[in-house]
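This report concerns only the one structure given below.
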Amino acid sequence: MSRFVLPPYLIDPTALPPLLLTSEPGSFARDTLARRIPAILQETLALNPAFDDDIRRALIALYDELKNGAIRGLTEDTDDRPLWDATSAPYIGRSWLDVPWYWAEAFFYRRVLEATGYFRPGPWRGFDPFAAKKRQEWAPEVAPAAVARLLESLPDDAEARFERLLHGSLWGNRADLSYMIAAHLGATAAPGDERSNLLADDSAALWRYLQARAGGRVAILADNAGTELLMDVALIDFLLSTGLAAEVHLHLKPQPFYVSDALIQDLVEGVDALPSGGEAAWKLARRVDGHIVAGELILKTHWFNASSLFYCQLPDDLRGDLARMDLVLTKGDANYRRLVGDAHWPPTTPFADAVAYFPAPVAALRTMKSELIVGLAAGQAERLAAQDPAWLVNGQRGVIQARV
């Protein structure tokens, strides 16, 4: 039996609000499939001039399908095809502008891998079509320099240090190579400088929780490579070096996804790039190497991480693994969408209610790039909409929300 199985929901799926759809006029979901995704495809072609004619034709055909055609299923006989056939069945033959948003994005990235021969025997097998764009983040003046600035700004007080690193991990999510609209806002501003942009902040609760359970296991469900991943590495080093965690399980993607989502290879390249940021970054790289050798930092991946499924559809093995954790940190906007179901939640829905199904204590670090939010106070969403009509999607604001 294939290890790629369609697991049942951990909750009643009819209890979810209506899903975000690409058919909603004027929505960010529709703009993503109508404009942003085709642009990503064009950029991928431009950044990979060595692609052969067959790959270029396949990517151009996918572009035409996005713009004018009907969605088709996968055609290659791969291990994961039965899973994708099952999840895609309701949408085959429809327009990309008439389907659930998260499914559409996830399936698009799987289609890119099919078009580029990622799973086929041959010269392009296992090739990351987004590697050229990711590589830009490893330049000394980009991710290594950003982490160096973070490390050099850390206060002496342990709780303040934790907050600073947690906020660095949060705002590092602005450097998202599939949606760079917020990158100019930076990832290393002091927590106080960003306080007005943090719509929910459970940093203090997380600090108390970790102190009370020092020496436990923490899982981090990573998002982007580059600046964000190295910010995550700095936080991981603090958790392990201080004994707040005895083990950190870093969950990465098994294959290219969402342009810059982090693979194990991206973690290796990022740590290798760190020393170019200076002495503090070099020392961080050496400590991270030590954590890996000591078995304290454990790198993991799972097919689920690059699927179209929500976290309320965790397969048994991954659910069991996460259930052993004392805390699970989810990173970024796409993981937030998967955590709450990518649905039209009332913004005042308590975060703890939306994630009540999750098998472990869980916290979300998310800069906002999609039209959903939970855990806000009454009237907060309305005030924000009056101040800034794009507040949900422009990456300026973020949340640190916990159910511990």
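The values are calculated or read from the model by the stated rules, or taken from the named source; none is laboratory data. Source: prediction; values computed, not measured. Note: ideal-geometry Cβ built from the backbone for every residue, glycine included; neighbour counts use all protein chains shown.
Go through (1) closer than 18 Å to Trp101 by Cα; (2) not assigned by TED's automatic domain parsing to the domain that holds Ala104 one by one and return the number of the condition Arg3 breaks.
Unmet condition: (1).
For segment 89-103, check the following and say yes or no: at least one residue is assigned to a loop (DSSP other than H, G, I, E, B) and of a type in the set (S, T, N, Q).
yes
Could you list, in sequence order, all residues of segment 213-263 that are under 23 Å from Ile40 (Cβ atoms) and in a loop (DSSP other than H, G, I, E, B)?
Correct list: Ala222, Asp223, Ala225, Gly226, Pro254, Gln255, Pro256, Phe257, Tyr258, Val259, Ser260, Ala262.
I'd like to know if segment 334-341 contains one or more residues that are closer than 28 Å to Ala115 by Cβ and touching a helix residue (DSSP H, G or I) at 6+ places or on another chain (Cβ under 7 Å).
Taking segment 334-341 as the starting set, the residues that turn out to be closer than 28 Å to Ala115 by Cβ are 334-335, 337-338.
When the remaining residues are screened for being touching a helix residue (DSSP H, G or I) at 6+ places or on another chain (Cβ under 7 Å), the result is 337-338.
Yes: segment 334-341 contains one or more residues that are closer than 28 Å to Ala115 by Cβ and touching a helix residue (DSSP H, G or I) at 6+ places or on another chain (Cβ under 7 Å).
Kindly check whether there is at least one residue in segment 324-343 that is assigned to a loop (DSSP other than H, G, I, E, B), closer than 25 Å to Pro100 by Cβ, at pLDDT 95 or above and more than 14 Å from the chain's Cα centre (by Cα).
Narrowing segment 324-343 to residues assigned to a loop (DSSP other than H, G, I, E, B): 324-326, 341-342.
Add one more test, that the residue is closer than 25 Å to Pro100 by Cβ, and what stays is 341-342.
Then keep just the ones that are at pLDDT 95 or above; that gives 341-342.
Checking which are more than 14 Å from the chain's Cα centre (by Cα) leaves us with 341.
For segment 324-343, residues assigned to a loop (DSSP other than H, G, I, E, B), closer than 25 Å to Pro100 by Cβ, at pLDDT 95 or above and more than 14 Å from the chain's Cα centre (by Cα): present.
Report yes if some residue within segment 68-77 is among the β-branched types (Val, Ile, Thr), outside the structural domain of Ala390 (by TED's automatic domain parsing) and closer than 20 Å to Arg125 by Cα; otherwise report no. Explain how you work it out, then say what you get.
Looking only at segment 68-77, we keep the residues that are among the β-branched types (Val, Ile, Thr), and these are 71, 75.
Right, trim to outside the structural domain of Ala390 (by TED's automatic domain parsing) and you get 71, 75.
Imposing the further condition that a residue be closer than 20 Å to Arg125 by Cα reduces the set to 75.
Yes, segment 68-77 contains at least one residue that is among the β-branched types (Val, Ile, Thr), outside the structural domain of Ala390 (by TED's automatic domain parsing) and closer than 20 Å to Arg125 by Cα.
Going residue by residue through segment 50-64, is there one that turns out to be part of a loop (DSSP other than H, G, I, E, B), buried (at least 18 other Cβ atoms within 10 Å of the Cβ) and not hydrophobic (A, V, I, L, M, F, W, C)?
Step one: filter segment 50-64 for residues part of a loop (DSSP other than H, G, I, E, B), giving 50-52.
Then keep just the ones that are buried (at least 18 other Cβ atoms within 10 Å of the Cβ); that gives 51.
Retained after the next criterion (residues that are not hydrophobic (A, V, I, L, M, F, W, C)): none.
No, segment 50-64 contains no residue that is part of a loop (DSSP other than H, G, I, E, B), buried (at least 18 other Cβ atoms within 10 Å of the Cβ) and not hydrophobic (A, V, I, L, M, F, W, C).
Mind telling me which of the residues Leu239, Leu229 ends up being touching a residue at least 24 places away in the same chain (Cβ under 8 Å), in contact with a strand residue (DSSP E or B) (Cβ under 7 Å, 6 or more places away or on another chain), hydrophobic (A, V, I, L, M, F, W, C) and buried (at least 24 other Cβ atoms within 10 Å of the Cβ)? Outline the logic, then answer.
Numbers: Leu229 fails: in contact with a strand residue (DSSP E or B) (Cβ under 7 Å, 6 or more places away or on another chain).
After ruling out the rest, the residue left standing is Leu239.
Just give me the residues in segment 4-46 being farther than 30 Å from Leu318 by Cα and of a type in the set (D, E, K, R), in sequence order.
Listed by number, the residues that qualify are Glu24, Arg30, Asp31, Arg35, Arg36, Glu43.
Considering each of Gly117, Gly122 in turn, give the residue that is modelled with pLDDT of 95 or more, over 29 Å from Gly341 (Cβ atoms) and surrounded by 16 or more Cβ atoms within 10 Å (Cβ to Cβ). Give the derivation first.
Values: Gly122 fails: surrounded by 16 or more Cβ atoms within 10 Å (Cβ to Cβ).
Exactly one of Gly117, Gly122 is modelled with pLDDT of 95 or more, over 29 Å from Gly341 (Cβ atoms) and surrounded by 16 or more Cβ atoms within 10 Å (Cβ to Cβ), namely Gly117.
Which residues, counting only those in segment 104-157, are part of a loop (DSSP other than H, G, I, E, B), among the charged types (D, E, K, R) and within 25 Å of Lys283 (Cβ to Cβ)?
Glu141, Asp156, Asp157
From the residues in segment 1-34 that are in a helix (DSSP H, G or I) and in contact with a strand residue (DSSP E or B) (Cβ under 9 Å, 6 or more places away or on another chain), which one is surrounded by the most Cβ atoms within 10 Å (Cβ to Cβ)?
Ala29
Got a number for residues in segment 242-270 being buried (at least 20 other Cβ atoms within 10 Å of the Cβ) and among the β-branched types (Val, Ile, Thr)?
So the answer is 2.
What number of residues within segment 187-212 satisfy the criterion of being modelled with pLDDT of 95 or more and assigned to a loop (DSSP other than H, G, I, E, B)?
1
Could you tell me whether any residue of segment 327-336 is at positive phi and of a type in the set (Asp, Glu)? Spell out how you get there, then give the answer.
Here is the first cut: in segment 327-336, the residues at positive phi are 332.
From what's left, of a type in the set (Asp, Glu): none.
Checked against the condition, which is being at positive phi and of a type in the set (Asp, Glu), segment 327-336 yields no hits at all.
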